[in-house]
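Below is one structure, written out as structure tokens; the observations come after it.
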Amino acid sequence: MKKNVLLAGGATVLVIAYLVPVYWMVATSLKLPSDIFNSPPDIFPSPLSFQAYADTVMSDPAVWQGLRSSVIITLPTLLLTLLVGAPAAYGLAKYKFRVTGAVLFLLLAAQMLPTISLALPLFAIFSQYGLVDTYAGLIIANVSVTLPFAVVLLRPYMGAIPGDLLEAARLDGCTSFGAFRRVGLPLVRPGLVMVATLTFVMTWGEFVFGLTLATSDDKQPITVVLNRFIASFGTQWTNLMAVSTIIAIPIIVIFIVLQKHVVAGLTDGGLKD
């Protein structure tokens, strides 16, 4: 009983620790600029002010263009990551190659590299092929980060697909790829949902590639647009928090809708080898 109480208490503390910054972000976006630095700080914004949302979300074309760019970058990145990552994970899990160990090591090593260490080499390469300041270049750059992540996470799921089911599908006339598509993919749906969700979060919140590879305003994602509210002469705190809240809404909604699948995917993936 005491153990359960301690676990519940610890979980409650963690939830509060994560939610307080989110609440403070939303609350700050609803304050008047003159009320932000009140001492003691106002826990509840009074009076409520939606001026920051009117000035940014409703009136600033750069914010809408940034959101549009983020959608254009995120959705193809998500699709390409799943289209390439799922078959790659399946091949590494079900077929034995001499280079399998080396490939897995490289995939793991790729996840350890900070994004900034990839941005400058990619800029040099993309400059030669006209991919700087294009959506295609930003998508490729993001896929270079999300794809190794997806393959490593999906491989245990693919390895757990019963070989008897795949063999039965082949005996029924399916090709190897057909057996993977018709039998394998439905069985690893929780893993696919989990990887898709985490890929969306990684790409939607990406900043470094958007800053270094997008040189024009109309290609920069919303995370880069957000940086404009931080100036050398002062930070527009209410506007900054209003746009931050808008950026966070899709992530919060996705996790609320898919939380069971994400938790199940992470749990199942941790139990497979």
Query - Nearest-0.05 FRET efficiency for residue 249 and residue 127, computed from C-beta distance (R0 22 Å) - result: 0.05
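Defining a contact as two alpha carbons under 8 Å apart and six or more residues distant in sequence, what relative contact order in percent does segment 117-259 show?
Details: 86 pairs, mean separation 41.3, N = 143.
Over segment 117-259, the number comes to 29 percent.
Per the 1.4 Å probe, what fraction of the accessible area of the chain, in percent, lies on carbon and sulfur atoms? Please list the in-between numbers first.
On the way: 11090 of 15520 Å².
Roughly 71 percent, rounded to a whole number.
Over segment 114-183, give the accessible area per residue in Å² for a 1.4 Å probe, as an integer.
On the way: 3550 Å² over 70 residues.
That works out to 51 Å² for each residue.
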Query raised in the report: In degrees, nearest 10, range 0 to 90: what is the angle between the Cα axis of helix 115-129 and the longest Cα principal axis of the chain?
Result: 80 degrees
Requested in this report: Towards the positive end of the charge dipole of the chain, with charges on Cβ (+1 Lys, Arg; -1 Asp, Glu), say which of 256, 58, 46 has the farthest Cα.
Outcome: 256
Report summary line: Ranking 182, 170, 98 from most to least accessible area with a 1.4 Å probe gives 98, 182, 170
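Sum up the charges of everything whose Cβ sits under 12 Å from the Cβ of residue 228, counting Lys and Arg as +1 and Asp and Glu as -1, but leave residue 228 out. The partial results should precede the final answer.
Working: positive: none; negative: 60, 217.
Residues close to residue 228 contribute a combined charge of -2.
Relative contact order of segment 1-96, please, whole-number percent, based on alpha carbon pairs below 8 angstrom and at least 6 residues apart. Write down the numbers at each step before the final one.
Numbers: 29 pairs, mean separation 15.8, N = 96.
Reported as a whole number, the value is 16 percent.
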Query raised in the report: When we measure straight from the Cα of residue 31, which aspartates and glutamates land under 13 angstrom away, once same-chain ones fewer than 8 places off are left out?
Result: 42
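Rounded, prolate or oblate for the chain? Axes are the square roots of the Cα gyration tensor eigenvalues, ordered a ≥ b ≥ c, and the cut-off for rounded is a/c under 1.5.
Working: a/c = 2.50, a/b = 1.51, b/c = 1.66.
Oblate is the answer for the chain, as a/c is 1.5 or above yet b/c matches or exceeds a/b.
Counting helices only, and only those DSSP H runs with n ≥ 4, report the 222 nm mean residue ellipticity of the chain as the sum of -39,500 (n - 2.57) divided by its residues, in deg cm²/dmol to the nearest 500.
Values: 12 runs with 195 residues, N = 273.
Theoretical 222 nm ellipticity from helices: -24000 deg cm²/dmol.
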Query raised in the report: Which residue, 171, 32, 118, tops the fluctuation ranking in a GNM of the chain built on C-alpha contacts under 10 Å?
Result: 171
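What does the charge add up to near residue 174, with Lys and Arg as +1, Asp and Glu as -1, over the other residues with Cβ less than 11 Å from its Cβ? Could the numbers behind the result be given before it?
On the way: positive: 170, 181, 182; negative: 167, 172.
Result for the local shell: +1.
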**Report entry** Probe 1.4 Å, accessible area per residue of segment 9-92, Å²
**Finding:** 58 Å²
Report task. Determine the dipole magnitude for the chain: charges of +1 sit on the beta-carbon of Lys and Arg, -1 on that of Asp and Glu, nothing else is charged, the reference point is the Cα centre, and the result goes in debye to the nearest 20. Result -> 920 debye
Report task. Could you tell me which of 179, 211, 5 has its Cα farthest along the dipole of the chain towards the positive end, charges placed at Cβ (Lys, Arg +1; Asp, Glu -1), taken about the Cα centre? Result -> 179
Query - segment 163-231 and segment 87-139: distance between their alpha carbon centers, rounded to Å - result: 14 Å
Query raised in the report: What does the accessible area of residue 31 come to, in Å² to the nearest 10, when a probe of 1.4 Å is used?
Result: 10 Å²
Query raised in the report: Which net charge results when you count Lys and Arg as +1 and Asp and Glu as -1 among the other residues whose beta-carbon is under 12 Å from that of residue 74?
Result: 0
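The values are calculated or read from the model by the stated rules, or taken from the named source; none is laboratory data. As the structure is a computational prediction, the values presented were derived from the model and not from experiment. Glycine also receives a Cβ, built like all others from the backbone with ideal geometry; neighbour counts cover every protein chain displayed. Only protein heavy atoms, including side chains, enter the accessible area calculation; ligands, DNA and RNA are left aside. Shrake-Rupley method; radii C 1.70, N 1.55, O 1.52, S 1.80 Å.
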